[in-house]
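Heads up: the structure comes next, in structure tokens.
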Amino acid sequence: PIVFVHEYAADYRTWEPQMRHFARSHRCVTYSQRGYPPSDVPEDPEKYTQDVFRDDVIAVMDALNIDKAHVVGHSMGASTALHVGIRHPGRCISVTAASRETAKMFAQNTMADAAAKYADGPTRQAHKNKDPRGYAHFVQMLSEHSPLGHSLTMANLQARRPTLWDMQADLKKFVPPLLIVVGDEDDW
């Protein structure tokens, strides 16, 4: 099986080509992470930590009776996938990880306004220019997210998660095969 970890499963265009390809020979699973409906949007900020998101992957695998899987993370899910591989290497066939003020923006603006601004940031320009239709779909789907869930995810998961440099010791001991793809526009 392949478990795809991304914020919002309904944003299928991100995964559609891979899912279609790998579904020919593998069981493929993706889900909406907490804070992204139809999953729960807890109001407790402590429900938005890297450990909780990591454990959510294992809970999904357990619920679906998946003992081991290729864990593939994209965007915010890349860090989550790495943490699954670090803490639960026996559950991973392999791991692929492709990848502060933002939380305030989502909390203080309408979701549509915040989504338009966020989607036009430096890390989204390649998508905007190479796939205008897919980009428009991304902006539309983002604008439909929960502003509370998105704000709490940004403030409590993304802003607090360790960097790859911080994880260097754990990554040196990483057990499953690992592919990390870091985007060329991650200027921060």
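The values are calculated or read from the model by the stated rules, or taken from the named source; none is laboratory data. Note that the structure is a prediction, hence the values are computed from the model and not measured. FYI the Cβ positions are ideal-geometry reconstructions off the backbone, even for glycines, and counts take in every protein chain you see. SASA here: full protein model, heavy atoms, side chains in, ligands and nucleic acids out. Shrake-Rupley method; radii C 1.70, N 1.55, O 1.52, S 1.80 Å.
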Each label sits 7 Å from Cα toward the beta-carbon; between ARG87 and MET167 the label points are separated, in nm, by 1.2
For the chain, with all protein chains present and a 1.4 Å probe, just round the carbon and sulfur fraction of the accessible area to a whole percent. 52
Divide by every residue of the chain the summed helix terms, -39500 (n - 2.57) for each DSSP H run of at least 4, and state the resulting mean residue ellipticity at 222 nm, rounded to the nearest 500 deg cm²/dmol. -12000 deg cm²/dmol
Given R₀ = 25 Å, FRET efficiency for ALA98-HIS26 by Cβ-Cβ distance, to 0.05? 0.90
Apply the a/c threshold of 1.5 to the C-alpha gyration tensor of the range 54-180 and tell me whether it is rounded, prolate or oblate. prolate
